[in-house]
Amino acid sequence: MALRGGFARLLRGQAAPARLQRPRQAHSVALVGAPFSRGQKRRGVDHGPATVRAAGLLERLAGLGCQVYDFGDLNFTQVPNDELYNNLISYPRSVGLASQVLADAVSRAVAAGHSCVTIGGDHSLALGSVSGHARQCPHLGVIWVDAHADINTPLTTQSGNLHGQPLSFLLRELQDKVPQLPGFSWLKPCLSASDIVYIGLRDVDPAEYYILKNYDIHYFSMRDIDRLGIQKVMERTFEQLMRRRQRPIHLSFDIDAFDPSLAPATGTPVLGGLTYREGMYIAEEIHNTGMLSAVDMVEVNPLLGASQEEVNATASLAVDVIATCFGQTREGAHTAFDELPTPSSPDESDSEEQVRI
């Protein structure tokens, strides 16, 4: 698996040149492209990073005062003879190897002092992004914004798609329920059930529901959001994650958390999702904690939009979420403004005004 130039520097621990900078940055942000699609069977999600970048992500972050380091995309190569595991699980070696490389990249970015934004790609990439983040921040908390729980095990999944399973591999409590997949020997569970809060669930498989209930994982379904309101949901989220100590936050955001009317260009849309206002409020409140350390934005699939307008709307929504995580607000967000300008010359005297007239 070859790495393009920016990533080669990142993995060697060398500094990369900033593509876009502002002198008064609010954040140092590393962009990590993960154009990976082997966690599911639909084509097109590997074009997600390019689509989100084309929607103006770098320019938006730079306009907020962020110092932006874009390390380009990981160049994933197909693993030969990547046979099904247990006659069901697709591309285990490809997913395992890609996740390992991504984990290394995210770990380096966080160690260098950046807030790391991973642009997917399908949600199996969270295996790598969360693992790499946890190497540097072992006490991190994860906010998983998604229509789906993505916590099936290889023994409970019906689809065989690994993008519906990443959290089962990451959770310590499930270690004895998850078999050792080929390509996954490097991966060690790094989260406990109390480290995770879900927001936006509305399509949960029976085995996933069993796991959520029996392992006491906190979640807020769309029904909970309707009942409580998004403000109370976020208050309870932070009570769960921050009640013992302040900790770095990893936000893993699947674009299908939004209602399909807002984000149609994605692989597994489910009716009744987040509104625009709810999605932005989630990102605003996470930003306001000052503890955001890493973000995943996944499952933007430009091949699944019925029109270019649908693709543009989905990509722009992804950019809005990421930008809001780094300071964009609906009250107005701009680079630092120190003082109002004053006139450069004295006002005309009355006599001068008369002469001019």
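Read the figures in this text as sums done on the coordinates, not as results from a lab. Not measured: the values here are computed from a predicted model. Please note: Cβ atoms are built from the backbone with ideal geometry, for glycine as well, and neighbour counts cover all protein chains shown.
Some observations on this one:
- Of the beta bridges in the chain, as assigned by DSSP with both residues counted there, near 10 percent are antiparallel.
- The share of alpha-carbon pairs in segment 126-172 lying farther apart than 16 Å comes to 39%.
- Where a label projected 7 Å from the Cα of ASN312 along Cα→Cβ would reach, residues of segment 52-76 with amide N under 16 Å: 52-57
- Stretchable slack from LEU303 to GLN175, in nm (0.36 nm times residue separation minus alpha-carbon distance): 42.5 nm
- Of the peptides 127-134, 48-55, the order by per-residue mean of other Cβ atoms within 10 Å, starting with the highest, comes out as 127-134, 48-55.
- Once you divide the Cα radius of gyration of the chain by 2.2 N^0.38 Å, the number left is 1.07.
- Relative to the current alpha-carbon distance between TRP186 and ASN86, full extension at 0.36 nm per residue lengthens the span by 34.0 nm.
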